[in-house]
Amino acid sequence: MQKVKLHINGFTRTLLVNAHETLLDTLRERLNLTGTKRGCDQGSCGSCTVLLDGTPVLSCITPTIRCDGRKILTIEGIGVNGHLHPVQERLASDGGLQCGFCTPGVVMTAVPFLQENPDATDDDIKEALSGNLCRCTGYKKIIEAVRHAAEDLRHG
Amino acid sequence: MSTSSYFLPGTIDEAVSLAKAHPNDHVFYAGGTDIQLHVKQRLIKPNTIIDLTAIESLKSVSIQKKNMKLGTMVTLDQIVKNPDIQKFYPILAEAAKSIATPVIRKSATLGGNLKVSNRCSFYNQSFDWRQSVGSCLKDTGDICQVTGGLNHCYSRNVSDLVPALIALNARIMVQTSTGINEMPLIDLYVPDGLIVHTPLGVGGIITEIFTSDEPSKWWFKKLRLRKSLDFTSLTVAATVNKKDVLRVCVNGVSMAPVLVETGINDVTLEGLILQVKRACKTVDNDYMPLKYRREMISAFITDCWNTFH
Amino acid sequence: MGRVIGKPTPLIDAVQKVTGKAMYTDDFKFPNMVYVGLHRSPHAHAKIMSIDTSVAAAHPGIKAVITGKDIPIAFGVLPISPDETAMAVDKVRYVGEIVAAVAGETPEAARAGADLIRVSYKPIKNFITPDESLVECSEDEKIHQHTKNSKNIHKIADLSFNDPKDGIASSSFTRSVDFKFAGVTHAFTEPHSTIAVWNGDESLLVITATQVPHYLHRTLSKVLDIPLHKIQVKKPALGGGFGGKSDPFPHEMIASKLAILTNRPVKCTLTREEVFLTNHGRHPTEMTMSVGCDVAGKITALDTDIVIDGGAYGSFGVVTSYYNGVLLQGPYKIDRFGFITRRVYTNKPQSGAMRGHGAVNPRYAVEVVLDMLAHDVGMDPCDFRQQNFLSENTKTVGELRITSNGIRECLETVRRKSGWDDRYGKLPNGHGLGVACGFFISGSALPIIWNRYPQTVVHAKLDFDGRIVMFSGASDIGQGSDTMLVQIAAEELGISMSRVQVEVADTKLTPVDLGSYSSRVTFMVGNAAKQAVDKIRHQIAASVGNEKSVPREAIQFADERVFTDDGKLNLTWDEAVDIAMAGRGAFVESGFYISPKLGGKFKGSGAGLSPAYSFGAFIAEVKVDPMTGQVSVIKVWSAHDCGKALNPLSVEGQIEGSIHMGLGQVVSEDMRYHNGRLLNANFWDYRIPMTLDTPEMDVTIIESNDGEGPYGAKEAGEGPIHPVLPAIGNAIYDAVGIRMTELPITPDKVLTELRKGGQQ
Ligand SMILES: Cc1cc2nc3c(=O)[nH]c(=O)nc-3n(C[C@H](O)[C@H](O)[C@H](O)COP(=O)(O)OP(=O)(O)OC[C@H]3O[C@@H](n4cnc5c(N)ncnc54)[C@H](O)[C@@H]3O)c2cc1C
Ligand code: SF4
Ligand code: FES
Ligand code: FES
């Protein structure tokens, strides 16, 4: 067991973890941050994506012990002052979700992607989301929503 | 409950001595994307985890003219996006882009990809699954589930970067407790599904990969059903350099990558295919059927050949 | 009409979902909760000789251990085939069947405990393929003793009208082709999950990821022997179902039993591998499809012989058996018609209902055969289909009542938008177009459990605060049925959607709805909801009319006002509600739906009956790589007649999702077995299309305005999948001249066919 300090969504938590505990387990089972979803627990669906120091990672294959002293942003920390992030707003308004189970992972992948690629084309968006499994939407409205969010972000 | 210990060394030397102190049960943890898959399926349970993330010297990228040197903690994402790699070694960028998914590539490293575990349809299964078939040589059993043999394991090397790097005639630097060695990348691989990698010596870490063989022509293709996520069923990478040396490296169809190196005018297409096929021990342990993968070896090499000629 | 209905409307829970606040089953935690670990069979078919649970029971943190004998009462979603128990009792019938279960203080303890259970087995002959199950075997080898044959045939369904065999024999053109379909599974993203709580008053609360709270309610009562009124099943947010959560499941019964035994809340969430093993997906299928037509291309007869692989248990299999045949009666008029389906038991995870239930594989077969006939006759495949369509307001040969029918417009639309007439048959080698049509029920007219109740009841409550609450047992599984309830109330009462809330899928609070399957929810629940809120409107109109002395028929509801056109009455919604509350307070109105009496008098006439049918047409454009045999679907056009799109955003979403799922089945998905062991129970090797694999989609909604559907609506959740698969198959033919008769169409199969040379 080792002590780790996690800066999660702007708040610092200290906990004891063993070397094998994954960040997904820590978030969901210990910190009750259940917005991050467990679709496969095998690194192959993208639903557990969170940001580690601003970079998206799959929390189901990230040991918590590695996150010591680092910043973690989960779906609960996206959007400011009660406002949705444009990616969230567009996924909601443009039909970019149905059951919603893949949605937190999509948001956590698309938000940093648009930050780095504000002028992304549809093809870029498709590429960026090519690890996010969605069984409901056929992706079309997800891609459109992310494109619209990019436009919203550009036009402030 | 686990009693594993976790270390976060800041230098290579530190990492090597930690490894030396835990000779039998340590694992170097790079991106962890491959290790975790094996942990989840209870294929491995590393006791001493030596996390390489804090070692800055392993993260350097240096491309001067045609000389490329990459630290092993460089991520696949960095390789995909590096403009110099795209310019001088596009085959490498292409190979990196063919791996896993964009998010995984942000964690996955070059070093981890060089040493990605061999795969097999009968081995990369859950504990219960393996128990139910009676396990196999690579696991705790005493028979190969594919061939019924008692001695040989034919698990596949599935790295996509490795064939590209071997086609680029890349060499690696290895640091051990006794010093620093250099060797051709191809020598890292052993065509034995149980051994897989040449032992690197006590505490051995691959620190760097380098090449200066900028190709004049290159060809890369990965056989898979989907455009992302899939492990390879066959990866072929080939280059021709300024001296007309053809290097064709085939992976995903044998226990180790297979290299054929020859003057481009010293070989016929048929000869080339024959050499590759002879060296590949392809068995029916992948998602795609055996016969098809064998056919695709010829088809890919033919396509590559036609592109080069 | 049309203030809310017919407008693209975001889902009412969309904000909850994009913020991660939506609560799915596994997101709930209860104090003092314990976790379930399941011990599963390593054998495909074996007698259980003994089970030793002592070591597991003694393991630290293990609170209870149970085996099949603790929940021995058999169940099945169809009351006619209760052939399953929560855990194997005397023998196991597939690798992965649950044999024992433990409750542990932590998930890790539960896992460890489950691993410590020791079972000794005596293997029995395995029946892995349908061929093996169709051969005579001894009584003690049979998978189920109850089958009334000396083989492992679960069900034979057949119907025949007007001697189809003779019809085919005497046709000018005939084709009889063998097809083979691998099994596929739903692969919803949220793994199965259940929480069971045993309350102090000996009542059971089950929070679970289900599409059928009502059937689960009944089944729990039966297998646990608890009165119906002591069970509350609640479905929270649900991460996709597609038919894969429409049976009562063993883990739901196990969690409940363990909750009773430990007197603690119990959670059971399956791993992804366990989800694959639970399956209930589309039946692996083999069939011979025979169709004849005359020289003018008029279909004369259809006859088909089908074997479906049910796996180890019944599930919806009897219905599937019929659907495989009866749903071939549309969208074409076929007067000489027959089929026989044999559903066999095999030692594999069971098959069940999956999007497009029973009709997807035969649809592939028939549409490919029709394509061949069109070529034989020398007609354009669109023209060929066009001249064979059923009309509106007619009956099929098996007496399915066809009412609204937009098939012509569907086909004309995709034909025009895809540039079919200029491009079909004219694209360069390796590049092709293909067409197909589809047809599906909009709700099964007969309930699974026969009774005289309505198929759904909806309560609408008006309270003093001006809010409407819709109480419905309907299960929103992502398709948006909660949003539909709100839309209907807002539409009928002229209020904003934000005034309407739902209380849904809770067997204690909400009146019975049969569940989200057979595309029944919009049609049935929509009608019931409309009726309930209409009654509320009449009540308000009556109260207001009385008090203000205006004729109630003159009272209008719109824009949050209650008024008359002449301006004599002009109240805000709240003022009107205040009047309606006088002397009685909050009140509830009820609406219900019972389908009309339908169908013929022959045996089997009930199968496929629906108050309405959806129609669709689809064109796919593909490229085939001659070197690898790889098929890329580059663009598709879909037109679907859903009657009326209450929410076009959701209808498009259903169509797009259907396209994606159909694409997966046709090019890459399959359940693969190695001696009965599922080889690809993960997302690496069960290959679902990702963003880059999914084509550009052009979707058109066709509205035929059904006379009986709410506002004219029919279904859109399942129908759109049917034509997807054969259109892609037919496009491959246009591209490279080969007929693919085995799914999925993987590159190796394409290459094999290409080598044989384009035939037919
Ligand atoms: C969904 C999914 C899809 C994938 N698809 C592909 C694919 O298409 N192709 C492919 O090749 N891989 C694939 N992978 C596997 C893996 O992600 C990659 O191979 C990745 O590059 C491994 O890098 P890593 O840094 O994560 O390695 P790790 O998991 O950290 O390490 C892998 C091995 O390398 C050793 N190692 C790492 N660095 C060093 C070093 N410097 N010196 C000595 N030993 C070292 C480790 O000890 C370990 O044995 C996939 C993984 C997932 C989860
Ligand atoms: S090739 Fe044989 S021994 Fe090697 S992993 Fe596969 S089954 Fe095991
Ligand atoms: S849950 Fe982590 S990738 Fe699926
Ligand atoms: S919305 Fe259901 S999985 Fe994406």
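Take the Cα coordinates of the range C:496-590, assign each an equal point scatterer, and use the Debye formula without solvent to give log10 I(q)/I(0) at q = 0.19, 0.24, 0.26 Å⁻¹. After summing over all Cα pairs, the log10 values are -0.96, -1.27, -1.41.
Note on the range B:146-278: Cα-only Rg and Dmax are 15.9, 46 Å.
Reported to the nearest whole Å, the Cα centre-to-centre distance from the range C:41-86 to the range C:506-526 is 31.
Taking the Cα atoms of the range B:1-66, the ratio Rg/Rh between the radius of gyration and the Kirkwood radius comes to 1.07. Give the distance, in whole Å, between the Cα centre of the range C:403-459 and the Cα centre of the range B:188-258. After rounding, the separation between the Cα centres reads 48 Å.
Just check the range A:86-154 against the gyration tensor rule for me: Cα atoms, a ≥ b ≥ c as the square roots of the eigenvalues, rounded for a/c under 1.5, and otherwise prolate or oblate depending on whether a/b exceeds b/c. Provide the component values of the computation, followed by the final result.
Numbers: a/c = 1.66, a/b = 1.36, b/c = 1.22.
Prolate is the answer for the range A:86-154, as a/c is 1.5 or above and a/b outweighs b/c.
How high is the relative contact order of chain C, in percent, counting Cα pairs under 8 Å that sit 6 or more residues apart? Provide the component values of the computation, followed by the final result.
Values: 2007 pairs, mean separation 116.9, N = 760.
Result for chain C is 15 percent.
Shielding by partners for peptide C:673-686, expressed as the average number of C-beta atoms from other protein chains within 10 Å of each residue's C-beta, is 5. Placing unit charges on the Cβ atoms of the charged side chains and taking the dipole of the protein assembly as shown about its Cα centre, the candidate lying farthest along the positive direction among C:THR219, C:GLY616, B:LEU114 is B:LEU114.
Diffusion coefficient (Stokes-Einstein, Kirkwood radius over C-alpha pairs, 37 °C, 0.692 mPa s) for chain A: 208 µm²/s, rounded to a whole number. A Gaussian network model of chain A, with springs between Cα atoms under 10 Å, assigns the largest mean-square fluctuation among A:LEU52, A:LEU84, A:LEU97 to A:LEU84.
Mean partner shielding of peptide C:688-701, defined as the number of other chain Cβ atoms within 10 Å of each residue Cβ, is 6. The calculated FRET efficiency for the pair C:ASP625 and C:ASP140, based on their C-beta separation and a Förster distance of 51 Å, comes to about 0.50. The residue among A:HIS148, A:GLY95, A:THR121 whose Cα reaches farthest toward the positive pole of the charge dipole of the range A:86-154, with charges on the beta-carbon of Lys, Arg, Asp and Glu, is A:GLY95. Peptide packing for B:114-122, C:532-540 was compared via the average number of neighbouring C-beta atoms within 10 Å per residue; ordered from the highest value, the list is B:114-122, C:532-540.
With the cut-off at 42 Å, report for chain C the share of all Cα pairs above it, as a whole percent. Roughly 31 percent, once rounded to a whole number.
Show that you can apply the helix-only estimate: for chain C, add -39,500 (n - 2.57) for every DSSP H stretch of four or more residues, divide by all residues, and state [θ] at 222 nm to the nearest 500. Write out the running numbers ahead of the final one.
On the way: 19 runs with 198 residues, N = 760.
Value at 222 nm, helices only, nearest 500: -8000 deg cm²/dmol.
Ratio of Rg to Rh for the range C:374-527, alpha carbon only, Kirkwood? Result: Rg/Rh = 1.14.
Which number do you get for Rg(Cα) / (2.2 N^0.38 Å) in chain B?
0.98
Cross-link partners of C:LYS568 among lysines, defined as those whose alpha carbon lies under 23 angstrom from its own and excluding same-chain residues fewer than eight positions apart: C:LYS548.
With r as the distance between the Cβ atoms of B:VAL61 and C:GLU503 and R0 = 56 Å, compute the FRET efficiency 1/(1 + (r/R0)^6) and round to 0.05.
On the way: r = 58 Å, r/R0 = 1.04.
Calculated transfer efficiency: 0.45.
Once the Cβ-Cβ distance between C:ASN675 and B:HIS38 is put in as r, and R0 is 22 Å, what FRET efficiency do you end up with, to the nearest 0.05? Efficiency, rounded to the nearest 0.05: 0.35. Between C:SER605 and C:GLU547, the modelled label-to-label distance comes to 5.3 nm, taking each label 7 Å out from Cα in the direction of the beta carbon. Within chain C, the longest run free of GluC sites (Glu not before Pro) that sit in a DSSP loop with at most 15 other Cβ atoms within 10 Å is C:393-760. Positive-end ranking of B:PHE231, A:LEU52, C:GLY599 along the dipole of the protein assembly as shown, with charges on Cβ about the Cα centre, is headed by B:PHE231.
Normalising the average separation of contacting C-alpha pairs (under 8 angstrom, six or more residues apart) by the number of residues puts the relative contact order of chain A at 24 percent.
Under 26 Å of direct C-alpha separation, and excluding same-chain neighbours fewer than eight residues apart, B:LYS291 reaches these lysines: B:LYS138, B:LYS221, B:LYS222, B:LYS227, B:LYS277, B:LYS281, C:LYS180, C:LYS623, C:LYS749, C:LYS756. Here the protein assembly as shown is assigned +1 on the Cβ of each Lys and Arg and -1 on the Cβ of each Asp and Glu. Its dipole about the Cα centre then comes out at about 1480 debye. A simple spin-label model places pseudo-atoms 7 Å from Cα toward Cβ; at A:HIS83 and B:ASN47 they are separated by 5.5 nm.
Would you mind estimating how fast the range B:71-134 diffuses translationally, via Stokes-Einstein at 4 °C and 1.567 mPa s with the Kirkwood radius over Cα pairs, in µm²/s? Show your work: numbers first, answer last.
Values: Rh = 13.3 Å.
This corresponds to a translational diffusion coefficient of 97 µm²/s.
Taking label positions 7 Å along the Cα-Cβ direction at both C:ASP163 and C:ASP335, the computed distance is 1.4 nm, reported to one decimal.
Taken over the protein assembly as shown, the convex hull of the Cα atoms encloses 180 Å³ per residue. Comparing Cα centroids, the range C:305-320 and the range B:279-299 end up 35 angstrom apart. Other residues within the sphere of radius under 10 Å centred on the Cβ of C:PRO611, judged by their own Cβ, net out at +1 (K and R +1, D and E -1).
In nm², what is the average projected area of the convex hull enclosing the Cα atoms of the range C:1-96?
Details: hull surface 50.1 nm².
Here the figure is 12.5 nm², rounded to one decimal.
Counting only other residues whose beta carbon sits under 11 Å from that of C:PRO248, what net charge do I get with K and R as +1, D and E as -1? Present the calculation step by step, with values, prior to reporting the outcome.
Details: positive: C:ARG218, C:LYS222, C:LYS245; negative: C:GLU84, C:ASP247, C:GLU252.
Overall, the nearby charge balance is 0.
Measuring from a point 7 Å past the Cα of B:LYS217 along Cα-to-C-beta, which residues in the range B:246-289 have an amide N at less than 17 Å? Output list for this probe position: B:246-249, B:260-273.
The relative contact order of chain B, computed from alpha carbon pairs under 8 Å that lie at least 6 residues apart in sequence, is 16 percent. Report, in listed order, any pair from C:LYS333/C:LYS603; C:LYS148/C:LYS395; C:LYS122/C:LYS148; B:LYS59/B:LYS242; A:LYS126/B:LYS115 with a Cα-Cα distance greater than 32 Å. Check vs 32 Å cut-off fails for C:LYS148/C:LYS395.
Any read-out appearing in this document is the output of simple, stated calculations on the displayed coordinates, not a laboratory observation. Note that the coordinates shown come from a computational prediction; the quantities given were computed from them, not determined experimentally. So basically every Cβ, Gly included, is an ideal-geometry build from the backbone, and we count neighbours across all protein chains shown.
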